[in-house]
Amino acid sequence: MTGLALYIHWPFCVSKCPYCDFNSHVRERVDQDAWRAALLADMAHEAAVTDNAELTSIFFGGGTPSLMPPKTVAALIEAAEAHWGFAPDIEITLEANPSSVEAARFGDLARAGVNRVSLGLQSLDNQALRFLGRAHDVREGLAALDTAQEAFARVSFDLIYALPGQSVDAWEMELDRALGFGTEHLSLYQLTIEPGTRFATLAARGELDEADPDHGAALYKRTQALTAAAGLPAYEISNHARPGAESRHNLAYWRYRSYAGIGPGAHGRRGAMATIRHKKPENWLSAVDRNGHGLQVEQPLSARERAVESVMMGLRLSSGIAMDALQADILDRDAIARLSSHGLLEQSDGRLIATSEGRLVLNSLLAEILADEPVAA
């Protein structure tokens, strides 16, 4: 029996978010009974077309899943176990904002079956939180972190760095403080400007610049050094954990394992099939009512497409990818040799690994090492 990961997307936010694309998903009121029934139907469809597998992880993500009623979370977890069965050490993660309202639900969510929480602290500086458009302040965020550590066996939180005007010393002080809270996992992201967000609008008006690449590199290198020294080395470009505490769910993506995705906008990889659900909540809900599922696209992937995706995902990991698992024409061996001589790639025990320096410029590496598709004769 093979392992499977399950992603459950809850699209609704409680307030506009300046750095994601879910602003159109803000709702003051949600028909919870209708949404619970629709998610259960979407899950049942995916279970019916999934090969025999047991679940190794469940991830509740999206807008503000920590505001899902605990009985909805419990119903989804119970249904997932009935459909697939659980691995003995299944990881069940829920993303949460660090507000007092959401923290008050943590105990009920833990009793519903959630055993890991990913907390969106974002920053330990109040001015930065205001810039990021967060509703919480540092005091409220740290209170939520305390509550999470009491309620859940495993806790992760995330921070954003490379903010405008942030020096290496200032980030080092913030990260040092974060490492002192004793969590087993940290997600540390450089600020990026995504299309369709408030940040993109500010950038277009010349009111916001991304960090200079050299400054971003200096911040990244300091991040790697500090987390490694604290016993939470990077196992992926932006993710750091104590050995054994890596996110099993996210590892399923990066190792290119199969995963089912349900809910509005959710993506999945069902063997050689890519799946995409309708993104707009009302369209997804109508599709479930009409068809019994929220699928918009089922796209077969060729062996080459799957191999390319596996390289793009796998090289994000500090462990890299197994070379013998790839067909011979996927990689440009000359480019690999050249980049290895520059210290950006290395080969060890049959694995191709992007070094710390290489992961800093991974998109450029991928553009060079992925060979062009052979032209048919």
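The values are calculated or read from the model by the stated rules, or taken from the named source; none is laboratory data. What you see is a predicted model; the values in this text were computed from it and never measured. Ideal geometry is used to build each Cβ from the backbone, glycine not excepted, and the neighbour counts take in all protein chains shown.
Checking the conditions here, which among 202, 226, 188 is assigned to a helix (DSSP H, G or I), modelled with pLDDT of 95 or more and assigned by TED's automatic domain parsing to the domain that holds residue 104? I'd like the intermediate steps shown before the answer.
Working: 202 fails: modelled with pLDDT of 95 or more; 188 fails: assigned to a helix (DSSP H, G or I).
The match here is 226.
Can you name every residue in region 244-295 that is among the polar types (S, T, N, Q) and more than 16 Å from the chain's Cα centre (by Cα)?
Initially, region 244-295 is screened for residues among the polar types (S, T, N, Q), giving 247, 250, 258, 275, 283, 286, 291.
Within region 244-295, 275, 283, 286, 291 meet the criteria.
Here's a check for you: in region 115-163, which residue that is of a type in the set (Ser, Thr, Tyr) and closer than 30 Å to residue 90 by Cβ is farthest from the chain's Cα centre (by Cα)?
For region 115-163, the residue satisfying everything is 147.
Go through (1) within 30 Å of residue 244 (Cβ to Cβ); (2) free of Cβ contacts under 8 Å to residues at least 60 places away in the same chain; (3) surrounded by fewer than 16 Cβ atoms within 10 Å (Cβ to Cβ) and name the single condition residue 362 misses.
Of everything listed in (1) within 30 Å of residue 244 (Cβ to Cβ); (2) free of Cβ contacts under 8 Å to residues at least 60 places away in the same chain; (3) surrounded by fewer than 16 Cβ atoms within 10 Å (Cβ to Cβ), residue 362 misses just condition (2).
Which members of region 161-174 meet the condition of being touching a helix residue (DSSP H, G or I) at 6+ places or on another chain (Cβ under 8 Å) and not polar (S, T, N, Q)?
Narrowing region 161-174 to residues touching a helix residue (DSSP H, G or I) at 6+ places or on another chain (Cβ under 8 Å): 161-164, 166, 168, 171-172.
Listed by number, the residues that qualify are 161, 162, 163, 164, 168, 171, 172.
Which numbered condition in (1) part of a strand (DSSP E or B); (2) in the same structural domain as residue 6 (by TED's automatic domain parsing); (3) of a type outside the set (Lys, Arg) is the only one that residue 243 fails?
Evaluating residue 243 over (1) part of a strand (DSSP E or B); (2) in the same structural domain as residue 6 (by TED's automatic domain parsing); (3) of a type outside the set (Lys, Arg) leaves (1) as the failure.
Of the residues that make up region 111-127, is at least one closer than 30 Å to residue 202 by Cα and surrounded by fewer than 17 Cβ atoms within 10 Å (Cβ to Cβ)? Steps first, please.
So the first thing to find is which residues in region 111-127 are closer than 30 Å to residue 202 by Cα, and the list is 118-127.
So of that shortlist, the ones also surrounded by fewer than 17 Cβ atoms within 10 Å (Cβ to Cβ) come out as 126-127.
The answer is yes; a qualifying residue exists.
For every residue, the table says whether it meets (1) within 13 Å of residue 117 (Cα to Cα); (2) outside any strand (DSSP E or B).
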| site | (1), (2) |
| --- | --- |
| 51 | no, yes |
| 54 | no, no |
| 71 | no, yes |
| 74 | no, yes |
| 78 | no, yes |
| 89 | no, no |
| 92 | yes, no |
| 101 | no, yes |
